[in-house]
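Peer 1: Could you have a look at this structure, given as structure tokens, before my questions?
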């Protein structure tokens, strides 16, 4: 028997002796499939532990998944240069799967700069936001607005107890504070719905 990662829709279709389109309809619960056939396919899926390949889905759809990154500008505070360079490098490395990390750099000494850039993110079409919430009041308002439009937020390097964020990640990614499984689950759900 293959490992869970090796099974494809084609394999499930062959085992169930149906077309790939029928398996696809069962997996995505769309279109008509007889109850008997649907149950047969579902049993096979459960038995082999089939999991859709989300990366293949993204590549197939060629849809861009944009994440807004709202962090201090390294020109004002050199502390942030390494983080900005790491984000740029990561964005380049992940661009092949349709992930875009769009930097919005604010002046870490001016609340108005944070507010301006946060409004730009709210006006963009993002699937999520990574934020360094160094201005508590402005960040809290931003998180509330994000929650109202269903935009998931992760805080980065500056911890906040705000309930509108999924989790907190520190600068060197050694520590995650908050419900990481929920954070990752929500990310996977958003990726599946792309």
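Peer 1: Could you grab the pairs with beta carbons closer than 8 Å, sequence gap of 6+ or different chains, first residue in segment 151-175 and farther than 15 Å from residue 136 by Cα and outside the structural domain of residue 83 (by TED's automatic domain parsing), second one surrounded by 20 or more Cβ atoms within 10 Å (Cβ to Cβ) and at pLDDT 70 or above?
Peer 2: Close Cβ pairs (under 8 Å, with a partner that is surrounded by 20 or more Cβ atoms within 10 Å (Cβ to Cβ) and at pLDDT 70 or above) do not exist here.
Peer 1: Pull up segment 76-100, narrow it to residues that are surrounded by fewer than 12 Cβ atoms within 10 Å (Cβ to Cβ) and more than 19 Å from the chain's Cα centre (by Cα), then point me to the one that is modelled with the highest pLDDT.
Peer 2: 85
Peer 1: Which residues, counting only those in segment 118-140, are touching a helix residue (DSSP H, G or I) at 6+ places or on another chain (Cβ under 7 Å) and in a helix (DSSP H, G or I)?
Peer 2: Within segment 118-140, 118, 122, 138 meet the criteria.
Rundown of residues vs (1) in contact with a strand residue (DSSP E or B) (Cβ under 6 Å, 6 or more places away or on another chain); (2) farther than 18 Å from residue 152 by Cα, yes/no style:
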position: 89; (1), (2): no, yes
position: 93; (1), (2): no, yes
position: 97; (1), (2): no, yes
position: 102; (1), (2): yes, no
position: 105; (1), (2): no, yes
position: 111; (1), (2): no, yes
position: 123; (1), (2): no, no
position: 129; (1), (2): yes, no
position: 133; (1), (2): yes, no
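Peer 1: While we're here: Determine whether residue 144 is in a helix (DSSP H, G or I) and exposed (fewer than 13 other Cβ atoms within 10 Å of the Cβ).
Peer 2: The answer is yes for residue 144.
Peer 1: Right, something else. When both residues are 6+ apart or on different chains and their Cβ atoms are under 7 Å apart, which pairs have a first residue that lies in segment 70-96 and is in the same structural domain as residue 153 (by TED's automatic domain parsing) and touching a residue at least 24 places away in the same chain (Cβ under 8 Å), and a second that is loosely packed, with under 14 Cβ neighbours inside 10 Å and part of a loop (DSSP other than H, G, I, E, B)?
Peer 2: 76/109
Peer 1: Has segment 34-43 got any residue that is in a loop (DSSP other than H, G, I, E, B) and modelled with pLDDT of 90 or more?
Peer 2: The answer is yes, given that some residue of segment 34-43 is in a loop (DSSP other than H, G, I, E, B) and modelled with pLDDT of 90 or more.
The values are calculated or read from the model by the stated rules, or taken from the named source; none is laboratory data. The structure displayed is predicted, hence computed values, not measured ones. We place every Cβ from the backbone using ideal geometry, glycine too, and count neighbours over all the protein chains shown.
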